[in-house]
Amino acid sequence: MAVTKAKPASVKSGSATYAAKDIQVLEGLDPVRKRPGMYIGSTGLNGLHHLIWEVVDNSVDEAMAGFCTRITITLHEDGSCEVQDNGRGIPVDPYPSGPHKGKSALEVVLTVLHAGGKFGGEGYKVSGGLHGVGVSVVNALSKKLIAEIDRDGTRFKQEFVDGGKPKSKIQKVGASPSKTNGTSITFYPDPEIFASEGVEFVARTVLERLQTIAFLNRDLEVVFEDKRAGKKDKVTYQYKGGIIDFVKHLNVSRESLFNKVASYEASESDQTLEIALQWNTGYYEGIYGYANGISTIEGGMHVEGFKTALTSVVNKYARSSGGLKEKEENLLGEDIREGLTAIVTVKLREPQFEGQTKAKLGNVSIRSFVQKETNTKLEEWMLENPTEANRIVKKAVAAAQARIAAKNARNAVRRKTALSGAGMPDKLKDCQSANPADSELFIVEGDSAGGTAVDARDPQTQAILPIRGKILNVERARLDKMLKNTEVQALITAIGGGVGNDEFAAEKARYHKVIILADADVDGSHIRTLLLTFFYRQMRPMVESGFIYIAQPPLFSTEVGKEKTYLKDESAKEKFLAANPNHKKEFQRLKGLGEMDWQELRSTTMDSATRTLLQVNVEEAAEAENIMSVLMGDDVESRKSFIQKNARDVRNLDF
Ligand code: 0RA
């Protein structure tokens with residue numbers, strides 16, 4: 001999912017003694033309430049959860065600085081979120097002079113934008129950075145916030161209301177209940193700010209993030225407690241192995257190539273790296289990059305440096321061990337990365353986040369650092385672990401052979417297309433328009449549904465290609481096999497932009513909407529997943545251009561009088577029942593496209609005036625690829641449990 005990020009914080013070194021005077025002061029909180037999106041990305045659910053990340057990141061910073069071993073996140077029954085840590089406690093001493101004279105440091109941290117330890121604190125060598133817009137932003141967007149600080153045996157408390165207004169000065173409320181220092185921030189998100197999607201936190205979203213934080217911060221204890229009505233849950237994450245455990249966790253559902261996880265770390269002046277990697281017997285690569293604890297889904301310099309060195313180290317080893325003969329070509333990076341799971345986490349000052357979603361690390365200096373360290377440390381690891389190293393080489397050689405086979409298969413398809421001239425596949429019912437911008441191609445599962453779709457279409461702009469899903473469905477194999485499938489060949493010819501990652505040209509595509517129309521059952525979602533993986537792998541520009549869609553045939557039907565009414569999904573059904581409280585007729589759960597006649601298929605699913613389409617983005621297509629590796633992997637148990645878990649709402653299988 002695309003996450004919009006706020007401005008990265010900068011880190012400067014300052015004086016050795018940290019006191020209130022060191023906290024720099026920029027501005028009040030009004031701008032935050034005026035333009036919340038600027039600070040937390042959005043005011044939807046993403047933005048709401050951003051408030052938690054913001055507060056937690058402060059505690060994580062305290063942990064990174066070596067002062068905190070446990071962070072507890074509690075979702076309270078009254079809708080608030082509490083983040084508690086056993087760090088040093090936010091300073092409470094009053095400002096001796098200046099515009100904030102007399103105010104406590106705590107109050108300034110919570111009421112002044114960009115104030116905080118990150119700007120000048122000696123203890124904060126490396127900052128969480130990206131989320132570091134400051135906890136004052138959380139205060140600004142909360143209807144109430146309570147800060148409780150334990151320092152040197154005393155409990156301090158200060159409360160804020162209505163977007164960060166202090167209710168009173170900081171108070172000493174007695175002795176600390178426990179002997180340790182620490183900070184607790186309890187905030188109530190302002191429902192007026194988060195009006196569009198509400199203020200209810202989603203436990204699963206929080207859990208996922210907290211688990212990642214625990215993996216990235218070895219040994220840090222991260223406790224989650226859900227105390228909300230009907231939700232009771234308590235989970236503790238703590239990993240002695242850190243990112244080694246992270247890699248094992250990512251590979252649990254897969255069959256690993258060997259048991260060991262390679263890992264190394266390094267640091268130089270202002271930057272550090274930690275890398276862990278392992279291969280599985282699958283075909284996909286998963287390199288997960290982090291910079292200062294922030295996920296860099298678009299990659300960046302750290303990941304580039306890692307990939308470059310990995311390619312060179314493995315080739316060097318392959319040559320010297322005889323795994324690769326003298327006359328054979330070098331292995332490509334993609335061959336070596338097949339089945340690789342890796343965590344590349346770096347910490348640095350002033351991280352530059354670039355790219356569409358500000359999730360790509362731009363600092364050039366980190367590339368050579370990661371490359372240099374990987375070159376020496378990974379080579380050492382391979383020399384010390386020859387059994388594992390030889391397996392890596394063997395797998396990469398097999399991947400290279402498969403790559404060459406796939407290329408030959410693509411060339412064969414291309415030659416065939418060229419021989420038959422502009423000849424379109426027999427199965428394709430093309431549209432009359434020759435303008436790609438208003439042409440749509442429906443890929444329809446099954447010949448019979450294909451026939452109905454032909455009747456239902458607008459022949460001017462809508463083309464139909466029936467595809468027999470079963471054929472794809474049974475193949476547990478690489479994409480090169482998929483290319484040998486005649487249905488897929490027809491698809492390539494119909495789209496007309498070529499095939500393969502280097503050659504595909506979206507500007508030659510004959511349709512700017514390619515719409516997958518499959519049944520709402522397990523087979524249907526399997527086919528969707530396969531096709532999405534195919535587009536992601538072989539026609540990625542189609543996905544990047546937003547040309548790939550998923551049709552949304554209705555899930556339910558019911559009768560109103562003599563008329564059949566179709567309802568898109570569960571929420572449409574609920575809305576319908578709310579509007580028709582006396583409706584007694586049953587609801588049918590629609591499984592197949594075959595249950596509708598052509599008029600119904602047209603109005604519910606195909607007619608551009610009345611249908612809804614899901615546009616597929618790159619991350620969703622990438623996720624389909626992950627799902628495919630679970631569906632097609634050798635681990636029967638996780639495949640079974642995955643299908644069972646997702647069978648209730650088969651649409652989940654897509655994303
Ligand atoms: C600035 C200085 C010091 C601690 C902190 C900030 C701090 C901030 C947060 C936010 C959440 N938990 C936190 N824990 C600590 C150090 C003050 C000193 O020298 O004692």
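The values are calculated or read from the model by the stated rules, or taken from the named source; none is laboratory data. What you are looking at is a predicted structure, and each value in this text was computed from that prediction instead of being measured. With ideal geometry, Cβ positions are generated from the backbone for all residues, glycine too; neighbour counts draw on all protein chains shown. Protein only, heavy atoms only, side chains kept; ligands, DNA and RNA dropped before computing areas. Shrake-Rupley method; radii C 1.70, N 1.55, O 1.52, S 1.80 Å.
Rounded to the nearest Hz, the phi-derived 3J(HN,Hα) couplings of region 236-248 under the Karplus curve 6.51 cos²θ - 1.76 cosθ + 1.60 (θ = phi - 60°) are 10, 10, 7, 10, 5, x, x, 5, 5, 5, 4, 4, 4, where x marks glycine and proline. Shown here is the pair-distance distribution of region 330-430: with all Cα-Cα distances grouped in 10 Å bins from zero up to the longest one, the shares run 11, 24, 23, 22, 12, 7 percent.
Placing unit charges on each Cβ (+1 for Lys and Arg, -1 for Asp and Glu) gives the chain a dipole about its Cα centre, and among Val454, Ser176, Asn375 the Cα reaching farthest toward its positive end belongs to Asn375. In degrees from 0 to 90, rounded to the nearest 10, what is the angle of the helix 636-646 Cα long axis to the longest principal axis of the chain? Helix 636-646 sits roughly 80 degrees off the main axis of the chain. Here the dipole of region 345-451 is about 420 debye; that uses its Cα centre as origin and unit charges on the Cβ of Lys and Arg (positive) and Asp and Glu (negative). Each 10 Å bin from zero holds the following percent of Cα-Cα pairs in region 128-239: 12, 30, 42, 15, 0.
Share of carbon and sulfur in the accessible area of the chain stands at 50%, probe radius 1.4 Å. Axis angle, to the nearest 10 degrees, between helix 570-579 and the longest C-alpha principal axis of the chain: 80 degrees.
Our Cα-only numbers for region 179-309 put the radius of gyration and Dmax at 18.3, 53 Å.
Geometric descriptor of the chain, per residue, is 175 Å³ (volume of the convex hull of the Cα atoms). Summary of the geometry: region 156-189 and region 300-365, compared by the centres of their Cα atoms, lie 47 Å apart. When the Kirkwood radius is taken over all Cα pairs of region 290-339, what Stokes-Einstein diffusion coefficient follows at 25 °C and 0.890 mPa s, in µm²/s? Rounded to a whole number, D works out at 199 µm²/s. A Cβ-based charge dipole, computed about the Cα centre of the chain with Lys and Arg at +1 and Asp and Glu at -1, lands at about 240 debye.
With 27 Å as the limit, write out which pairs from Lys484/Lys513; Lys372/Lys394; Lys34/Lys227; Lys325/Lys360; Lys234/Lys591 have Cα-Cα distances beyond it, or answer none. Beyond 27 Å: Lys34/Lys227; Lys325/Lys360; Lys234/Lys591. In sequence order, region 554-562 has phi-based couplings of x, 8, 10, 9, 8, 9, 10, x, 9 Hz under the Karplus curve 6.51 cos²θ - 1.76 cosθ + 1.60, θ = phi - 60°, and Gly or Pro positions carry x. Average accessible surface for the chain: 45 Å² per residue, computed with a 1.4 Å probe over protein heavy atoms with every protein chain in place.
If you take every DSSP beta bridge fully contained in the chain, what fraction is antiparallel? Give it as a percent rounded to 5. Percentage antiparallel, nearest 5: 70. The Cα center of region 205-244 and the Cα center of region 37-104 differ in position by 17 Å.
Cα-based values for region 165-220, radius of gyration first and Dmax second, are 16.8, 43 Å. Projecting the Cα atoms of Tyr237, Ser321, Val397 onto the dipole axis of the chain, where Lys and Arg carry +1 and Asp and Glu carry -1 at the beta carbon, places Ser321 farthest toward the positive end. With helices as the sole contributors, the chain gives -11000 deg cm²/dmol at 222 nm; each DSSP H run of n ≥ 4 counts as -39500 (n - 2.57), and the sum is divided by every residue. Kirkwood radius for region 253-361, taken over all pairs of different Cα atoms as the inverse mean of 1/r, rounds to 15.1 Å.
Here the Karplus curve 6.51 cos²θ - 1.76 cosθ + 1.60, taken at θ = phi - 60°, turns the phi angles of region 338-348 into couplings of 4, x, 7, 10, 9, 10, 10, 10, 10, 10, 7 Hz, with x standing for Gly and Pro. Packing around the peptides 145-151, 134-140, taken as the average count of other Cβ atoms within 10 Å per residue, puts them in this order, highest first: 134-140, 145-151. Note on Lys575: aspartates and glutamates with a C-alpha under 16 Å away, same-chain residues under 8 apart excluded, are Glu559, Glu586. Against the main long axis of the alpha-carbon atoms of the chain, helix 386-419 sits at an angle near 40°.
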